[in-house]
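A.B. asks: One structure coming up, written as structure tokens, with questions to follow.
The values are calculated or read from the model by the stated rules, or taken from the named source; none is laboratory data. Remember, it's a predicted structure, so these values are computed and weren't measured experimentally. Cβ sites come from the backbone with ideal geometry, for glycine too, and all protein chains shown count toward neighbours. Remember, those area values only see protein heavy atoms, side chains included, never the ligands or the DNA or RNA. Shrake-Rupley method; radii C 1.70, N 1.55, O 1.52, S 1.80 Å.
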Amino acid sequence: MAPPAPLVRTARSLWHWQWQQLMGGLGPADAEGNYRRPDGAFSVLPPLPDEAAAADGHVLIVGRSCPWAHRAWLVWSLRGLGASISLVVVDPDPAEGRWRFAEAFEGCHTLIELYRRSGADAGQRATVPALYSRRERRILVGESARLIELLNRWPSPDAPNLEPAPQQEATDQWRDRLQSSVNDGVYRCGFARTQAAYDRAEAALFEALGDADRALARAPWLSGPQLSLADVVLFPTLIRLELVYAPLFGCSRLPLWQLPALWRWRQRFHALPGVAATCWPEAWRRDYFGALFPLHPSGIVPAGPPLATLVEGPPALGGPGETQPMPDPGNNDG
Ligand SMILES: N[C@@H](CCC(=O)N[C@@H](CS)C(=O)NCC(=O)O)C(=O)O
């Protein structure tokens with residue numbers, strides 16, 4: 001028997017109140033309900049080390065599910081920086097809401113210990129990515145937008161330059177727009193506290209993706225003929241779109257194949273040497289669906305498309321009017 005209406009009304013308003021409290025723990029919102037990402041520690045671009053210092057004990061700390069860490073990991077990988085900067089992958093600890101090291105790192109078991117020891121204030125969050133210097137025994141940068149610039153200038157013979165001079169202005173413009181409308185934009189959709197806040201974020205997100213699609217119909221990379229940091233910052237968000245952001249954050253207005261230049265760009269980027277090794281779809285889905293309790297209280301990880309269907313071959317559906325039969329689950333012939 002259905003519960004009586006007054007009980008349902010009370011339960012709903014209690015749950016809504018509780019949801020607002022829990023959302024406050026995920027991230028702050030302004031008076032209109034728009035999500036505002038808090039400022040992080042170590043956000044200033046440090047001086048570039050000379051060649052000798054650059055080869056001396058630097059460590060890039062990343063988490064697999066984090067899109068901000070993913071962009072730094074990509075620059076590290078695309079520029080082949082493994083010889084001078086080692087990589088440490090931290091694991092999420094959803095019960096405690098923090099990152100922990102698989103093995104003690106510089107005497108620390110959690111990232112927050114390393115942040116505090118490096119001089120971060122008590123109220124500051126310990127976020128990935130972070131670049132650590134073993135020689136100075138401290139974190140040098142904890143802000144991904146600055147970190148990717150530093151890694152792009154890091155001395156490394158024959159490494160590609162991801163800020164090609166003729167495209168610098170377009171690269172910077174795209175990076176600005178993507179940072180707010182797309183990279184943070186998906187979080188503004190998912191963490192919105194009101195319908196109006198969600199509507200604003202969602203409209204800005206798909207307007208930016210539409211513009212990116214038009215730019216990519218004219219050139220192979222976002223800011224022109226050469227790969228740049230603009231492509232690097234777009235990829236971590238777009239590769240998580242169908243797997244996480246569409247189902248969990250409500251970024252589901254269009255399937256990406258309806259932006260065909262963007263769809264092909266994503267395949268092209270994923271095929272670049274070193275990129276596939278930075279992609280961990282199972283970890284992304286487990287961490288997002290498992291950790292963001294106020295958005296997904298059951299913690300159940302839904303099935304999603306295998307990554308291969310997004311990054312290899314043509315989209316499953318060619319477009320309006322062109323449908324394909326559903327695969328027969330009992331038929332293993334392909
Ligand atoms: N502004 C930072 C944001 C990074 C960030 O929010 N990272 C998240 C993971 S996706 C994190 O480490 N959060 C831990 C926390 O907030 O305590 C950047 O771009 O580097």
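A.B. asks: Order the following by accessible area, largest value first: 39, 121, 172, 184. Probe radius 1.4 Å; ligands, DNA and RNA are ignored.
C.D. replies: Heavy-atom accessible area, descending, gives 39, 121, 172, 184.
A.B. asks: Still on this structure: Running Debye on the chain with equal point scatterers at the Cα sites and no solvent, what base-10 log of I(q)/I(0) appears at q = 0.08, 0.09, 0.12, 0.13 Å⁻¹?
C.D. replies: Log-scaled intensity ratios, in q order: -0.42, -0.53, -0.92, -1.07.
A.B. asks: How big is region 1-94 by Rg and Dmax over its Cα atoms, in Å?
C.D. replies: When restricted to the Cα atoms of region 1-94, Rg and Dmax are 22.4, 74 Å.
A.B. asks: Send over the semi-axes of region 195-237's equivalent ellipsoid, whole angstrom and largest first, taken as the square roots of 5 times the C-alpha gyration tensor eigenvalues.
C.D. replies: 25, 12, 5
A.B. asks: Checking the a/c ratio against 1.5 first, then a/b against b/c, what shape does the Cα gyration tensor give for region 132-190?
C.D. replies: Oblate.
A.B. asks: So, in Å, what gap is there between the alpha-carbon centers of region 20-53 and region 58-82?
C.D. replies: About 18 Å separates the Cα centre of region 20-53 from the one of region 58-82.
A.B. asks: So how long is each side of region 233-301 along the principal axes, counting just the alpha-carbon atoms, biggest first, in Å?
C.D. replies: Dimensions of region 233-301 along the principal axes of its Cα atoms: 36, 28, 17 Å.
A.B. asks: Something else now. Using a Gaussian network for the chain with springs between C-alpha atoms less than 10 Å apart, which of these wobbles most: 54, 126, 11?
C.D. replies: Residue with maximal mean-square fluctuation among 54, 126, 11: 11.
A.B. asks: Separate question: Carbon-plus-sulfur fraction of the accessible area of the chain, 1.4 Å probe, in percent?
C.D. replies: 55 percent
A.B. asks: Let me ask something additional. Using a Gaussian network model on the chain with a 10 Å cutoff between Cα atoms, which of 17, 265, 76 fluctuates the most?
C.D. replies: Top of the fluctuation ranking is 17.
A.B. asks: For region 51-153, treating each Cα as an identical point scatterer without solvent, what Debye log10 I(q)/I(0) comes out at q = 0.10, 0.12, 0.15, 0.21 1/Å?
C.D. replies: With no solvent term, the Cα-only Debye profile gives -0.24, -0.35, -0.56, -1.13.
A.B. asks: Convert each backbone phi in region 42-53 into a coupling constant with the Karplus relation 6.51 cos²θ - 1.76 cosθ + 1.60 (shift: θ = phi - 60°), then list the ³J(HN,Hα) values in order as whole Hz, x for Gly and Pro.
C.D. replies: Those phi angles translate into 6, 9, 9, 5, x, x, 6, x, 6, 4, 5, 5 Hz.
A.B. asks: Given the C-alpha centroids of region 220-249 and region 159-198, what is the distance between them in whole angstrom?
C.D. replies: 9 Å
A.B. asks: Using the heavy atoms of the protein chains alone and a 1.4 angstrom probe, what is the accessible area of region 51-153 per residue in square angstrom?
C.D. replies: Counting only protein heavy atoms, the per-residue value for region 51-153 is 40 Å².
A.B. asks: Now, a different point. Considering all projection directions equally, how large on average is the shadow of the alpha-carbon convex hull of region 229-268, in square nanometres?
C.D. replies: 2.8 nm²
A.B. asks: Could you order the peptides 107-119, 60-72 from most to least packed, using the average number of other C-beta atoms within 10 Å per residue?
C.D. replies: Top of the packing list down: 60-72, 107-119.
A.B. asks: Same structure again: For the chain, what is the calculated [θ] at 222 nm in deg cm²/dmol (nearest 500), taking -39500 (n - 2.57) for each run of four or more DSSP H residues and dividing by its residue count?
C.D. replies: Calculated from helices alone, the mean residue ellipticity at 222 nm is -12500 deg cm²/dmol.
A.B. asks: Two-decimal Rg/Rh of region 168-311 from alpha-carbon positions, Kirkwood Rh?
C.D. replies: Across region 168-311, the Cα-based Rg/Rh ratio is 0.96.
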